[in-house]
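Asks: One structure follows; several queries about it will come next.
Coordinate-derived values only; no laboratory data. Given the structure is predicted, the values throughout are model-derived calculations rather than measurements. As a convention, Cβ positions derive from the backbone with ideal geometry for all residues, glycine included, and neighbour counts pool all protein chains shown.
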Amino acid sequence: MTYTPTKPLTLEDFLAQYQDNPRYELADGELIDMEPTGPHETVSGKLATKIGIAITTAQLPWFIPRTCLIRPSTDTATARRPDIIVLDETVIINEPLWEKEPVITLGRSIKLVVEVVSTNWETDYARKVEEYALIGIPEYWIVDYRGLGGIAFIGKPKQPTFTVCILNGDEYSQQQYRLGESITSSLLPNFQICLDDILPR
């Protein structure tokens, strides 16, 4: 991931210039080029398909938008672009920006956020954990399919890890899964996969 040196952007500038470009998100006014790779997109695509099947099977009023930004705070010029986001169609009507642009500001609109780890693993394991908990997102999955995260986050020896973060109060409790282990979700009881199922071939 590279950080593009520019003068600080406002959220409005970012939306006007980069809203439809999936390569970029905004952090404290700084434009971040997420540089997605083919394997990264393979993992997020396979996982999105499996989540979509689970949503449909359970007949839930949720959907996965093609593109979406999260504004975690009105105090900073930050707009996150998660790899996968699951929205609740029954409450999204309360979103102040949704009718004009795919920007989410209310945690209750979001059921799940997924980040597939790339070279910016620090952001996924630290800052986004805080931001997503602060906005009140009930479940956050960190898919570290290459085992890039720091030892403090995924242990030693470093290995592919799938972390399920469940919001308890204002903090996440975390459960980690390794290759060959069944991953379950309280949010989607009929959802069950292994990390192996979504790895690039």
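Asks: May I ask you to sort 99, 30 by Cβ crowding, counting other Cβ atoms within 10 Å and putting the fewest first?
Replies: Going from sparsest to densest Cβ surroundings: 99, 30.
Asks: Taking the Cα centre as origin and putting +1 on Lys and Arg beta-carbons and -1 on Asp and Glu beta-carbons, what dipole magnitude results for the stretch 37-198, to the nearest 20 debye?
Replies: Rounded to the nearest 20 debye, it is 300 debye.
Asks: At 7 Å along the Cα-to-beta-carbon direction for both residue 23 and residue 156, put a label point, then send me their distance in nm to one decimal.
Replies: Here the modelled spin labels are 3.8 nm apart.
Asks: Note down the relative contact order for the chain as a percent, whole number, built from C-alpha pairs under 8 angstrom at least six residues apart.
Replies: Relative contact order for the chain comes out at 16 percent.
Asks: Excluding residue 118 itself, what net charge comes from residues whose Cβ is under 10 Å from its Cβ, given Lys and Arg +1 and Asp and Glu -1?
Replies: -4
Asks: Would you mind ranking 111, 50 so that the residue whose beta carbon has the fewest other beta carbons within 10 Å leads the list?
Replies: 50, 111
Asks: Now for a different question. Using just the helices of the chain, give the 222 nm mean residue ellipticity in deg cm²/dmol: DSSP H runs with n ≥ 4 each add -39,500 (n - 2.57), and the total is spread over all residues, rounded to 500.
Replies: -6000 deg cm²/dmol
Asks: If you take the square roots of the eigenvalues of the alpha-carbon gyration tensor of the stretch 1-126 and sort them as a ≥ b ≥ c, do you get rounded (a/c under 1.5), prolate (a/b over b/c) or oblate?
Replies: Oblate, because a/c is 1.5 or more while a/b does not exceed b/c.
Asks: Along the principal axes of its C-alpha atoms, what lengths does the stretch 37-198 span, in descending order and rounded to whole Å?
Replies: 45, 37, 34
Asks: Report the Cα centroid-to-centroid distance between the stretch 14-72 and the stretch 181-201 in angstrom, as an integer.
Replies: 19
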